Amino acid sequence: MKNIPVIMIIFGGSGDLAHRKLYPSLFNLYEQGLIHDNFAVIGTARRPWSHEYLREQVSDAIHETHDQVDENEVKAFASHFYYQSHDVTNVEHYVTLKKLAQELDDRYSAQGNCLFYMAMAPRFFGTIATHINDQHLTGSGFNRIVVEKPFGHDLVSAEQLNKEITASFDENDIFRIDHYLGKEMIQNIMPMRFTNPLIKNIWSGEYIKNIQITLAERLGVEARGGYYDTSGALRDMVQNHIFQIITLLAVPEPKDLSSDSVHQAKQELLKSLIIPTPEEVKKNFVRGQYLGSDTTFAYKKEPNVDPDSTTETYVAGKTKFTSGPIAGVPIYFRTGKEFKEKKTRIDIVLKHINNPYGQAHSNNITIEVDPESKIYITINGKKIDEPGIRREDLTYAFSKEEMAKVPDGYERLLHDVFVNDSTNFTHWSELKRYWEFIDAVEDAWQKENEAGNPEIAQYLPYRMGPKEADNIFESPTEHWIYE
C-alpha cells in the first residue's frame, strides 16, 4: 500500500470523535502502510494540552479499541502527533498553526500535502474555512478538507457554508463525510443490485411495490438535548443517512464505478426527486415525540429541552422519483428515538402475484445494516407434512471471522480521502437537493406551528413509534414489514 505524505490538521483534536474514531482509524491505516513515515497530525483545540499529553490520549484511544497491539508500533505512531492550543476565532492562532504545519512538512517531507478535518461543533465550520483561506494555510501540494455533518441547518446556511469552503478548496477536494456510507451493508447495495441478474432484472416499478427504510435508535436524546432541540429527527437523520440510502437504492446503473460516473448518475436521479407540497407533507409525513416511562424522561422533560418544544424525535415520510429504475415506486422511511431496539434495515417489498395457492405471500429482500450485517430474501416453499405454503429466508451473511475483518466506517472513508476517492462522499449538488426536500417539509411544519395546530403524535418508548405512521402508505393493504 502506498505511503502517502501529508500533514493532517484536526480541528477538534481533543474531542470525542477524534478519540473514538479518528485516532484508532488512523492507526489502522498506519499499520497497513497507507500513512507511515512521511506524515504528521496536528490536533487543535482550546485546551492547554502538550504534544506529550496528546500522544498519551492517542495511545489510550488505540488501547481502548484494539485487543492486541505492538507497543512499539503504538509509540512510533503516536510520535507523529503534535498539539496546538487554538481558538478558531483568533486569526493570530492560524498564523501559529501555519508555522507549525510548515515545520512538520519540512521534517517529515510531506511534499506540501495538507488535509484538514473539521471535527468540531458545526457552528465553527464557516469560521475555520474562512481563516484557512485568508491566512493561506493550504500547502503547495494537494489540499483536501473533510467536513462532518451537519453541513448547514437548512439550504440557506448550507449554501453560505459551501461558499466559505469553496473559497479555499475545489469541489473535488471537499469531502462531506457521512459515516453511514462507510458501513459494510450500505456499500453492498450497489453490488447487490448490479451484479445479480435475479435482483437486477426485477429492480423496477413492475415488480417492486414499495421500499421501506428504518433507522431505529434505542436511546433518547439524553445529554444532547440542547443540540437536538434545534435539529430534530428530520435534519439529524433524514437529511444525511436516510437520503444517502435512498439515493443508492434508486440510482440508475452508472457507466462505470469511477467517482465521477457514480456522482453523475446520482445527480441525474436527484433532479427527478419530487419535492412535497404542504398538502403532501400533511398527508405523507408524521412527526412525533416520545413520552416518558418509569425509566426515561418524556422528551419535553429532558435536560435543555424547551418544555413547549415542537421538535420531532420521530419522523416517517415518503419519497418518490420521476425517473430512474424505480420511478414512481414509493420509498417510505422512519427514524426516531426510544424505539424497542437499535436497528437499521431496508425492506424491498415485491408485488404479490396471482398463483394457484392463493395464500402465497410476496417475496421481500431485506438488508440489515445494524447491528447485524446480512441480506436475506424471503421466499415461498411447500410445507413438508401438510398442504400449504411456508416462508423461508435465503441469507447472505458474514461469519464472525469475516465480521472481525470489516473495517470501521471511518477507517474506510479516511482511506478514501487519502487516496482521493470521493465516491462515498456527498457532492454539493446532491446535498443541495436533499436540503430542498428537507426545507419543504420543515416549512410546512413551521406553518402548522405558527397556526397553533401542530400535529405531533405522542408515542410510548420501547415501541416502534406512533401508530399514525401506519397511515402514510398509499394502499390500506401496505404496512411496515419490520414490526
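No lab work stands behind these numbers, since they all come straight from the coordinates. Just so it is clear, the model here is predicted, and its values are computed rather than measured. Positions of Cβ are generated from backbone atoms using ideal geometry, with glycine treated the same way; all protein chains shown enter the neighbour counts.
Extension gain, TYR53-ALA327: 0.36 nm per intervening residue step, less the Cα-Cα distance, totals 93.1 nm. Sorted from greatest to least, the principal axis extents spanned by the alpha carbons of the range 181-471 come out as 55, 55, 43 Å. For the chain, find the longest principal axis of its Cα atoms and tell me its angle to the long axis of helix 155-166, 0 to 90°, nearest 10. Between helix and principal axis, roughly 30 degrees. Rg and Dmax of the range 6-176, based on Cα coordinates, read 15.6, 49 Å. Cα extents for the range 183-334 along the principal axes, largest to smallest and rounded to whole angstrom: 51, 36, 27.
With the simple spin-label model, which puts each label point 7 Å out from Cα in the Cβ direction, the SER258 to LYS383 separation comes to 5.7 nm.
Given R0 = 30 Å, the distance between the Cβ atoms of LYS340 and TYR227 translates into a calculated FRET efficiency of 0.75. Annotation for the range 259-349: GluC sites (Glu not before Pro) lying in DSSP loop with at most 12 further Cβ atoms inside 10 Å of their Cβ are GLU341. Loop-located chymotrypsin sites (Phe, Trp or Tyr not before Pro) across the range 341-440 with a Cβ neighbour count of 16 or fewer within 10 Å are TYR357, PHE398, with loop assigned by DSSP. About its Cα centre, the dipole of the chain is roughly 940 debye, where the only charges are +1 on Lys and Arg Cβ and -1 on Asp and Glu Cβ.
Considering only Cα atoms, the convex hull volume of the range 294-352 works out to 155 Å³ per residue. Cross-link list LYS374/LYS432; LYS318/LYS432; LYS301/LYS374; LYS209/LYS467; LYS209/LYS282; LYS343/LYS400: which exceed 27 angstrom alpha carbon to alpha carbon? Where the Cα-Cα span goes over 27 Å, the pairs concerned are LYS374/LYS432; LYS301/LYS374. Along the Cα-to-C-beta direction of MET192, a point sits 7 Å from the Cα; which residues of the range 390-430 have their amide N less than 16 Å from that point? Once the point is set 7 Å along Cα→Cβ of MET192, 393-399 turn out to lie under 16 Å by backbone N, inside the range 390-430.
Within the range 321-354, which residues have the backbone N less than 20 Å from the label spot 7 Å out from ALA397 along Cα→beta-carbon, could you tell me? Answer for the range 321-354: 341-348.
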